[in-house]
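Only one structure is covered here, and it is reproduced in the block below.
The values are calculated or read from the model by the stated rules, or taken from the named source; none is laboratory data. All of these numbers come straight from a predicted model, not from anything done at the bench. Cβ placement follows ideal geometry from the backbone for every residue including glycine, while neighbour counts extend to all protein chains displayed. We work out accessible area using only protein heavy atoms, side chains counted, and drop any ligands, DNA or RNA first. Shrake-Rupley method; radii C 1.70, N 1.55, O 1.52, S 1.80 Å.
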Amino acid sequence: MPHIRIEYSPNLECDIDFDRLCEVLRDAAADTGIFRLEGIRVRAFKCDHYLVADGADGNSFLDISVRIRGGRSIDVRQSVTTTLFEAAELFLEPVLKSRATALSLELLEIDPEFSPKINSIGSPNSA
């Protein structure tokens, strides 16, 4: 963990390198020292059907959901939220200054009792 999901309006595809944004968010999550690199997942999804505000063609959005395993303190959750949002905001600064864009981030806790996991990434048994 964390699992970071980016949803965005398709009119941003020509303005944002989404592969690089995924790297930026992965690196920011790893740099917190809270998460093991092997557990970080970042994925981006274009929303083909969307409506932003008054529906003007230029309006765009980028929403980041961060799911982490429950049980971390409020200070840790706040630190992760701030770190990831600031990394996204810095990377997206040119877009945010040049077009009508809504940027949001939400951190969600997953109840570990109802979220079984297997991860062989980085283990001696993985190829």
Looking at region 57-83, which of its residues are in a strand (DSSP E or B), open to solvent by 30 Å² or more (accessible area, probe 1.4 Å) and touching a helix residue (DSSP H, G or I) at 6+ places or on another chain (Cβ under 9 Å)?
-> F61, R69
Those residues that are over 13 Å from the mean Cα position of the chain (by Cα), under 16 Å from Y8 (Cβ atoms) and modelled with pLDDT of 95 or more, I need them from region 56-92; list them, please.
-> N59, S60, F61
List every residue pair whose Cβ atoms lie under 6 Å apart, where the two residues are 6 or more positions apart in sequence or sit on different chains, the first residue falls within region 102-118 and is farther than 16 Å from R72 by Cβ, and the second residue, located anywhere, is open to solvent by less than 100 Å² (accessible area, probe 1.4 Å) and acidic (D, E).
-> S104/D63
For D54, are the conditions met, namely being open to solvent by 40 Å² or more (accessible area, probe 1.4 Å) and touching a helix residue (DSSP H, G or I) at 6+ places or on another chain (Cβ under 8 Å)?
-> no
Of those in region 96-127 that are open to solvent by less than 100 Å² (accessible area, probe 1.4 Å) and polar (S, T, N, Q), the residue modelled with the lowest pLDDT is S126
Taking region 1-36 and keeping only residues that are assigned to a helix (DSSP H, G or I) and within 20 Å of P112 (Cβ to Cβ), one is left with A29
A careful count of residues in region 100-121 that are touching a Leu at 6+ places or on another chain (Cβ under 8 Å) and part of a loop (DSSP other than H, G, I, E, B) gives 0
Hits in region 1-43 - residues which are hydrophobic (A, V, I, L, M, F, W, C), open to solvent by 30 Å² or more (accessible area, probe 1.4 Å) and within 23 Å of S120 (Cα to Cα) = M1, A30, I34, L37, V42
